[in-house]
Every structure is written in structure tokens, then in C-alpha cells.
Amino acid sequence: MYLEAHVLKLLESIGVKPGQVVLDFGCGSGTYAIPAARIVGGRGKVYALDKDSEVLDELMQKGESARLNNIERLDTHGESRIDLINSCVDAV
């Protein structure tokens, strides 16, 4: 829990706010995505992008357990193009 509190502080210090859209690029199992989802809240969204489907499965399970419905999974296979509209995220 100490790590999550530290990450929450870090994200807030770089300007992540409620209602924003965040892209966690290379999200892994959610070290940043989960705290970001807590900060942006129900009006915001976190796009969780990774090429490892197993860690994305783990992240989505953590999000569901924490009742965070604002995380959207983005699976990739290393493509250089991300299927998001230009300028749709506030922080990466």
C-alpha cells in the first residue's frame, strides 16, 4: 500500500486531476494505472496499454476488485500506432 500512496502523490504532483484521461503506456500489472484511475474518478478514464496480455488480465482483475470501472484495456503487439484519437489524453 505504501507504493500506491507514493504513486498517487507522484501523479498528483505532475498534474493528474479528476476527470482527465490518462494513457499508461507499458502499464504492466497496474502500478500507475490503478492509482491514476482512483485520481481521475468516474468522469475520467485510464487507457492501460501493454503487449503482455497476462499482465493486462491481472490489471483488469485488480481494477474490478477495486471497483474501478474507468480503466480501458488496450492490447498491442508492439505496433507503433495506437488506436486513439489525436489529443484525446491529458497525460501519458
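Of all residues in region 77-89, at least one satisfies being more than 20 Å from Y2 (Cα to Cα), part of a loop (DSSP other than H, G, I, E, B) and either at pLDDT 95 or above or within 13 Å of the chain's Cα centre (by Cα) (or both). Contact map, region 40-62: first residue closer than 17 Å to D83 by Cα, second residue among the polar types (S, T, N, Q) and part of a helix (DSSP H, G or I), Cβ cut-off under 6 Å, separation 6 or more or different chains; the map is empty. Taking first residues from region 72-92 that are in contact (Cβ under 8 Å) with a residue 12 or more places away in the chain and partners that are hydroxyl-bearing (S, T, Y), the Cβ contacts under 8 Å between residues at least 6 apart in sequence or on separate chains come to E72/Y47; L74/Y47; D75/S53; I82/T76; L84/Y47; V89/Y47. Against the list (1) touching a Pro at 6+ places or on another chain (Cβ under 7 Å); (2) surrounded by 19 or more Cβ atoms within 10 Å (Cβ to Cβ); (3) of a type in the set (G, A, S), the condition G41 fails is (2).
For region 4-18, a residue qualifies if it is out of contact with any Ser or Thr (no Cβ under 7 Å at 6 or more places or on another chain) and either of a type in the set (F, W, Y) or part of a helix (DSSP H, G or I) (or both), and the qualifying residues are E4, A5, H6, L8, K9, L10, L11, E12, S13. Check region 54-70 and report whether any residue there is closer than 15 Å to V21 by Cβ, surrounded by fewer than 16 Cβ atoms within 10 Å (Cβ to Cβ) and out of contact with any helix residue (DSSP H, G or I) (no Cβ under 6 Å at 6 or more places or on another chain). Yes, region 54-70 contains at least one residue that is closer than 15 Å to V21 by Cβ, surrounded by fewer than 16 Cβ atoms within 10 Å (Cβ to Cβ) and out of contact with any helix residue (DSSP H, G or I) (no Cβ under 6 Å at 6 or more places or on another chain). Among the residues of region 34-66, those that are assigned to a helix (DSSP H, G or I), over 12 Å from A91 (Cβ atoms) and of a type in the set (A, V, I, L, M, F, W, C) comprise I34, A37, V55, L56, L59, M60.
Checked against the criterion of being exposed (fewer than 14 other Cβ atoms within 10 Å of the Cβ), of a type in the set (D, E), in contact with a Leu (Cβ under 9 Å, 6 or more places away or on another chain) and more than 22 Å from P18 (Cα to Cα), the candidates D50, D75 yield just one match: D75. Got at least one residue in region 19-26 being small (G, A, S) and assigned to a helix (DSSP H, G or I)? No, there is no match, as no residue in region 19-26 is small (G, A, S) and assigned to a helix (DSSP H, G or I).
The values are calculated or read from the model by the stated rules, or taken from the named source; none is laboratory data. A quick note: this is a predicted structure, and the numbers were derived from the prediction, not measured. Methodologically, a virtual Cβ is constructed for each residue, glycine included, from the backbone with ideal geometry; neighbour enumeration extends over all protein chains shown.
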